[in-house]
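S.K.: One structure, as structure tokens, below. Some questions next.
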């Protein structure tokens, strides 16, 4: 499977509801991962490792957790034409429906106009992973 096919499959694995937003991280030498926060409070992580295949994790977030992630994303209502690149498969990205985001993509080095967004992206990915790990530990 080539990279573009893997990216499409990961995007398809985020189905099953209306997404507030989706983050992705597609590093060149590590597993590719997407995180989707749905409007109903579900958080889904879909990952693709070239050696291990595809995996999914999902957690139900409390209303407070959902409000926290959405509030922290509120500053993202921007026009990606003003700040983003248009690479077909970029290492980092955000897309969404309910948050008013179209698509923002970038690679390294992070463009100066995207540094605040890239920092938010990194913090949010870490928060999503922490929440999914806690849910998996509780089971």
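S.K.: Quick check: anything in segment 61-70 at pLDDT 90 or above and in contact with a strand residue (DSSP E or B) (Cβ under 6 Å, 6 or more places away or on another chain)?
M.R.: yes
S.K.: Just one of 42, 51 is modelled with pLDDT of 85 or more and over 22 Å from residue 137 (Cβ atoms); which is it? First the steps, then the outcome.
M.R.: Numbers: 42 fails: over 22 Å from residue 137 (Cβ atoms).
Answer to the selection: 51.
S.K.: Additional query: Of all residues in segment 103-139 being surrounded by 15 or more Cβ atoms within 10 Å (Cβ to Cβ) and not in a helix (DSSP H, G or I), which is modelled with the lowest pLDDT?
M.R.: Only one residue fits best here, namely 104.
S.K.: Yes or no: segment 81-88 includes at least one residue that is assigned to a helix (DSSP H, G or I), surrounded by 13 or more Cβ atoms within 10 Å (Cβ to Cβ) and either at pLDDT 80 or above or in contact with a helix residue (DSSP H, G or I) (Cβ under 9 Å, 6 or more places away or on another chain) (or both). Write out each step before concluding.
M.R.: Start the filter on segment 81-88 by keeping residues that are assigned to a helix (DSSP H, G or I), which leaves 81-83.
Filter once more, keeping what is surrounded by 13 or more Cβ atoms within 10 Å (Cβ to Cβ): 83.
Adding the requirement that they be either at pLDDT 80 or above or in contact with a helix residue (DSSP H, G or I) (Cβ under 9 Å, 6 or more places away or on another chain) (or both) leaves 83.
Scanning segment 81-88 turns up at least one residue that is assigned to a helix (DSSP H, G or I), surrounded by 13 or more Cβ atoms within 10 Å (Cβ to Cβ) and either at pLDDT 80 or above or in contact with a helix residue (DSSP H, G or I) (Cβ under 9 Å, 6 or more places away or on another chain) (or both).
The values are calculated or read from the model by the stated rules, or taken from the named source; none is laboratory data. Everything numeric here is computed off the predicted structure, so don't read it as measured data. All Cβ positions, even for glycine, are placed from backbone atoms using ideal geometry, and neighbour counts span all protein chains on display.
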